[in-house]
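Presented below is the structure to which this report refers.
No value in this document is a laboratory result; all are computed from the given coordinates. Predicted model only: the values in this text are computed from it and were never measured. Here the Cβ positions follow ideal geometry from the backbone for every residue, glycine too, while neighbour counts run over all protein chains shown.
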Amino acid sequence: MARMASKSVTAHELLLMPGGRHCELLRGEVVRVSPAGYQHGDIVTQLVERIGPFVRSRGLGRYVSGEIGFWIERNPDTVRAPDGAFLRKERAEKLIGHRGFVDGPPDLAIEVLSPTDRRRDALAKCRAWIGAGAETAVLIDPDRRTATVFTTAGETEFDEHAVLRLDPVLPDLALPLAELFA
């Protein structure tokens with residue numbers, strides 16, 4: 001992520017900014033987000049294909065991929081976009097027709113490390129999701145072939161042989177990590 005030198009920007013200004021689609025806002029500072037590589041996109045797509053139908057078939061809410069900004073800090077503003085996010089039904093229903101950023105964090109945020117990401121920045125972003133009120137955040141690291149799950153109780157790393165479970169946010173969902181990395 002490359003930070004752009006500028007004056008402090010608000011979430012509203014970012015929303016209206018030409019080219020703002022590939023940017024996040026970190027305490028009022030615009031941060032460019034580089035396009036990701038193939039492996040990153042493949043994993044994000046697999047998550048959409050697996051989690052989306054699981055969520056829809058059970059009427060749990062919505063699972064969306066990375067173009068949605070979540071406004072998680074104010075004055076100065078922070079707007080971040082995870083690679084995947086789950087919103088429980090009650091929250092998702094209130095957003096029908098909403099055109100701006102989502103107020104607050106998702107219930108579940110998933111980050112997939114891309115070649116241009118620094119691991120420490122991605123870890124900090126997952127911790128920020130939890131600090132902002134997300135119930136669970138997950139960092140998937142394709143190079144290490146791991147997934148780290150973050151909750152208010154702490155962090156747990158799983159290797160490629162594990163089955164990722166996201167209870168209690170998405171009960172009964174089982175994602176074999178080996179399949180994501182295949």
Taking only the alpha carbons of the range 68-182, the radius of gyration and the largest Cα-Cα distance, Dmax, both in angstrom, are 14.3, 43
Net lengthening on full extension, Arg91/Arg127 (0.36 nm per residue, minus Cα-Cα):
10.8 nm
Amide H within-cut-off set for Thr146, under 5 Å, with H built and near neighbours excluded
Asp141
So what's the angle, to the nearest 10 degrees on a 0 to 90 scale, between helix 119-132 and the longest Cα principal axis of the chain?
80
Given only helices, namely DSSP H runs of n ≥ 4 each adding -39500 (n - 2.57), what is the per-residue ellipticity at 222 nm of the chain, to the nearest 500 deg cm²/dmol?
-8500 deg cm²/dmol
Dimensionless Rg/Rh of the range 57-118, both radii on Cα and Rh by Kirkwood, sits at 1.00
Size of electric dipole in the range 63-102: Cβ of Lys, Arg +1 and of Asp, Glu -1, about Cα centre, debye, nearest 20:
160
Quick one: Lys125, Lys7, fewest Cβ neighbours within 10 Å first, how do they rank?
Lys7, Lys125
When all C-alpha to C-alpha distances in the range 10-146 are sorted into bins of 5 Å, what percent of pairs does each bin hold, rounded to whole numbers?
2, 10, 20, 24, 22, 15, 7, 1
How much length is gained on full extension from Arg120 to Arg165, taking 0.36 nm per residue of separation minus their Cα-Cα distance?
13.9 nm
Please order Trp71, Trp129 by the number of other Cβ within 10 Å, starting at the fewest.
Trp71, Trp129
Could you tell me which GluC sites (Glu not before Pro) in the range 65-123 are loop residues by DSSP with no more than 15 other beta carbons within 10 angstrom of their beta carbon?
Glu67
Run down the aspartates and glutamates and flag those whose C-alpha is under 13 Å from the C-alpha of Lys94, throwing out any fewer than 8 positions away in its chain.
Asp103
For the Cα atoms of the chain, what angle does the longest principal axis make with the long axis of helix 38-57, in degrees from 0 to 90, nearest 10?
70
